[in-house]
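K.L.:
Provided herewith is a single structure, encoded as structure tokens, for subsequent inquiry.
The values are calculated or read from the model by the stated rules, or taken from the named source; none is laboratory data. Since we're looking at a predicted model, the values are computed, not measured. Here Cβ is always computed from backbone atoms with ideal geometry, including for glycine, and neighbour counts include all displayed protein chains.
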Amino acid sequence: MALKFNSLKLSVCAVLIICLISVPLSIWASQYSYSTILPPGWSWSYAHGINDDGDIVGYGVAASTTKSFLYSNGVFTELLPRGWSSAYALTINSGGEIVGYGTVSGSYKAFTYFIGSYTALLPSGWSWAWGIRINDNGDVVGGGNNGTNNRGFLYSNGSYTSLLPPGWSVSTAYGINNSGVIAGYGTDGLGIDKGYMYSNGSYTELLPPGWISATAYNINNNGEIIGEGYDSAGNAKGYIYSNGEYVELLPPGWSDIVPEDINDSGVVAGYGTDGDVVKGFVYSNGTYLILTSPDRPNTTIIGINNNSEVVGLAYNTARGFVSTLCLNLPVRISGSVPKYYSTLQEAYDNAISGDTIQAHDIIFSGDLYLDLDKSIIINGGYDCEYTAVDGTSKLNGDIVISSGTVKAENFILE
């Protein structure tokens, strides 16, 4: 397709498969694969945790019973401790150890599972407990009630440690890294909800400047902590905490955000609300990828591993899923040293006559203005690494051409 017109405006309408936020932010990633995670015979499922080997854990309903599952190498294993009436598997470490909680004799207990063996966890004297995360050393954190108040716990080498910052009324432990540093949240003596970091017997309170409340959900092996809360104006936001500094998180136009997980590269995964739709997101270095599609408009992301694989739930289909993300920007100007861009418009504006622009096999949103006196080529349909053409690039927006020429291949309007 070759285009050369004094003035052309094409209007198209289509539902986006991927929503890429580019103003005022740049797009960090552009492609992802999507696979449903549903054990055979189950009515619904929730994929909740994934390790670096791609092993996935979660829970759902089978024959009217809430059970957990492990999905590894294409095989599902149902998980339900003997005598328990329910089980919720939440996370899995690199060695394949799983942690979660469930109901037994009418109360909650935490559990671990490894190669066919279950271990029930309940600190002495506590009425109930949830197991939430497990690190690669087999240390478990969670929360429960000690008979007086709710508080967090650490289970390590057969021993329990109760976690409650001094002066606080309640707390829960949500995340632990391989150094044993713990992240959690609760309520202080003044009734303010705050996050905390626990390391070597010492607590650090977490509350971004100007905020009135905060949680803390997880910590990676570099000590970066994620959470959510409210600023002084009552706006719901997320945050990343690292070395005493905070970075606020909220995609433009969203009313709230829940950062659920962070990998060792500092990539954050979670979900939030855009209008009346719940969407999953991935964030890195000031940029967002928003996961949504026509058949899965309400999507949460709960877990991410170090290979940019994410897991969560598509509410409209009541199915868990796993997606593999692409880390490359979606457009580049080819050459011995390619130059990468967030949008087609950026690449066009920076190209010189004779350049070839390569684009990923995705749907781009936004208008494209071709208004410079130069001749360029746009080749679409590339895979993540720009090594092969395996599809077609599509544009959902308007094209206005007022100068120059463009030749396009594997590139269409929707």
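K.L.:
Answer yes if at least one residue in the range 282-298 is part of a loop (DSSP other than H, G, I, E, B), of a type in the set (S, T, Y) and touching a residue at least 60 places away in the same chain (Cβ under 8 Å), and no otherwise. Reasoning before the result, please.
P.N.:
Taking the range 282-298 first, the residues part of a loop (DSSP other than H, G, I, E, B) are 285-286, 292, 294-295, 297-298.
Now narrow it down to the ones that are of a type in the set (S, T, Y): 292.
Next cut, touching a residue at least 60 places away in the same chain (Cβ under 8 Å) only: 292.
There is at least one residue in the range 282-298 that is part of a loop (DSSP other than H, G, I, E, B), of a type in the set (S, T, Y) and touching a residue at least 60 places away in the same chain (Cβ under 8 Å).
K.L.:
Can you pull out every residue in the range 371-399 that is over 20 Å from L329 (Cβ atoms), at pLDDT 90 or above and either touching a His at 6+ places or on another chain (Cβ under 7 Å) or not polar (S, T, N, Q) (or both)?
P.N.:
Let us first name the residues in the range 371-399 that are over 20 Å from L329 (Cβ atoms), namely 371-375, 398-399.
From the residues that got through so far, the ones that are at pLDDT 90 or above too are 371-375.
Scanning the range 371-399 gives D371, L372, D373, K374.
K.L.:
For the range 373-390, state whether one or more residues are part of a loop (DSSP other than H, G, I, E, B) and over 30 Å from the mean Cα position of the chain (by Cα). Steps first, please.
P.N.:
If we filter the range 373-390 for residues that are part of a loop (DSSP other than H, G, I, E, B), which is where we start, we get 373-374, 383-388, 390.
Still in the list and also over 30 Å from the mean Cα position of the chain (by Cα): 373-374.
For the range 373-390, residues part of a loop (DSSP other than H, G, I, E, B) and over 30 Å from the mean Cα position of the chain (by Cα): present.
K.L.:
Please state which of the following conditions I192 fails to meet, knowing it meets all the rest: (1) closer than 24 Å to G244 by Cα; (2) in contact with a Phe, Trp or Tyr (Cβ under 8 Å, 6 or more places away or on another chain); (3) surrounded by fewer than 20 Cβ atoms within 10 Å (Cβ to Cβ); (4) not aromatic (F, W, Y).
P.N.:
Condition not satisfied by I192: (2).
K.L.:
Going by the structure shown, is I212 closer than 22 Å to N306 by Cβ and either touching a Gly at 6+ places or on another chain (Cβ under 9 Å) or assigned by TED's automatic domain parsing to the domain that holds N51 (or both)? Reasoning before the result, please.
P.N.:
Numbers: closer than 22 Å to N306 by Cβ: no; either touching a Gly at 6+ places or on another chain (Cβ under 9 Å) or assigned by TED's automatic domain parsing to the domain that holds N51 (or both): yes.
Here the answer is no, as I212 does not meet what is asked.
K.L.:
Can I ask one more? Look through the range 271-304, keep the residues that are small (G, A, S), touching a Phe, Trp or Tyr at 6+ places or on another chain (Cβ under 9 Å) and buried (at least 20 other Cβ atoms within 10 Å of the Cβ), and return whichever of them is modelled with the highest pLDDT.
P.N.:
G272
K.L.:
Which of the residues belonging to the range 204-261 are surrounded by 21 or more Cβ atoms within 10 Å (Cβ to Cβ) and touching a residue at least 60 places away in the same chain (Cβ under 8 Å)?
P.N.:
Selection gives N218 alone.
K.L.:
Which is at pLDDT below 90, surrounded by fewer than 18 Cβ atoms within 10 Å (Cβ to Cβ) and assigned to a loop (DSSP other than H, G, I, E, B), of N307, N316, N328? If you could, list the steps in order and put the result at the bottom.
P.N.:
Working: N307 fails: at pLDDT below 90; N328 fails: surrounded by fewer than 18 Cβ atoms within 10 Å (Cβ to Cβ).
Of N307, N316, N328, the one residue that is at pLDDT below 90, surrounded by fewer than 18 Cβ atoms within 10 Å (Cβ to Cβ) and assigned to a loop (DSSP other than H, G, I, E, B) is N316.
K.L.:
Further question on the same structure: If you go through the range 157-172, how many residues are in contact (Cβ under 8 Å) with a residue 24 or more places away in the chain, part of a strand (DSSP E or B) and surrounded by fewer than 16 Cβ atoms within 10 Å (Cβ to Cβ)?
P.N.:
Going through the range 157-172 one residue at a time, the tally reaches 1.
K.L.:
Would you confirm whether any residue within the range 332-340 is buried (at least 21 other Cβ atoms within 10 Å of the Cβ) and touching a residue at least 12 places away in the same chain (Cβ under 8 Å)?
P.N.:
Let us first name the residues in the range 332-340 that are buried (at least 21 other Cβ atoms within 10 Å of the Cβ), namely none.
No, that holds for no residue.
K.L.:
How many residues, within the range 127-144, are farther than 14 Å from V104 by Cβ and part of a strand (DSSP E or B)?
P.N.:
Initial filter on the range 127-144 (farther than 14 Å from V104 by Cβ): 132-143.
Among the residues that remain, those that are also part of a strand (DSSP E or B) are: 132-134, 140-143.
Going through the range 127-144 one residue at a time, the tally reaches 7.
K.L.:
How many residues, within the range 250-263, are of a type outside the set (F, W, Y) and more than 13 Å from the chain's Cα centre (by Cα)? Spell out the reasoning first.
P.N.:
Pass one, the range 250-263, residues of a type outside the set (F, W, Y): 250-253, 255-263.
Then drop every residue that is not more than 13 Å from the chain's Cα centre (by Cα), which leaves 250-253, 255-256.
Looking only at that region, the number is 6.
K.L.:
Here are the criteria: (1) assigned by TED's automatic domain parsing to the domain that holds I301; (2) in contact with a His (Cβ under 6 Å, 6 or more places away or on another chain). Tell me which single one R319 does not satisfy.
P.N.:
Of the numbered conditions (1) assigned by TED's automatic domain parsing to the domain that holds I301; (2) in contact with a His (Cβ under 6 Å, 6 or more places away or on another chain), the odd one out for R319 is (2).
K.L.:
Okay, moving on. Among the residues of the range 282-300, is any assigned by TED's automatic domain parsing to the domain that holds I378, polar (S, T, N, Q) and touching a strand residue (DSSP E or B) at 6+ places or on another chain (Cβ under 6 Å)?
P.N.:
At the first step, the residues of the range 282-300 found to be assigned by TED's automatic domain parsing to the domain that holds I378 are none.
No - not one qualifying residue is present in the range 282-300.
K.L.:
Of the residues I182, I176, which single one is crowded, with 23+ Cβ neighbours inside 10 Å, among the β-branched types (V, I, T) and in contact with a Gly (Cβ under 8 Å, 6 or more places away or on another chain)?
P.N.:
On the way: I176 fails: in contact with a Gly (Cβ under 8 Å, 6 or more places away or on another chain).
None of the other options fit; the residue is I182.
K.L.:
Which condition from (1) farther than 22 Å from N137 by Cα; (2) among the hydroxyl-bearing types (S, T, Y); (3) assigned to a loop (DSSP other than H, G, I, E, B) is the one that S94 breaks?
P.N.:
Going through (1) farther than 22 Å from N137 by Cα; (2) among the hydroxyl-bearing types (S, T, Y); (3) assigned to a loop (DSSP other than H, G, I, E, B) one by one, S94 breaks only (1).
K.L.:
How about the range 31-88: which of its residues are of a type in the set (F, W, Y) and part of a strand (DSSP E or B)?
P.N.:
Of the residues in the range 31-88, the ones of a type in the set (F, W, Y) are 32, 34, 42, 44, 46, 59, 69, 71, 76, 84, 88.
The answer is Y32, Y34, W44, Y46, Y59, F69, Y71, F76, Y88.
K.L.:
Given the criterion at pLDDT 95 or above and at positive phi, identify the matching residue among S64, S45, S68.
P.N.:
Details: S45 fails: at positive phi; S68 fails: at positive phi.
Result of the check over S64, S45, S68: S64.
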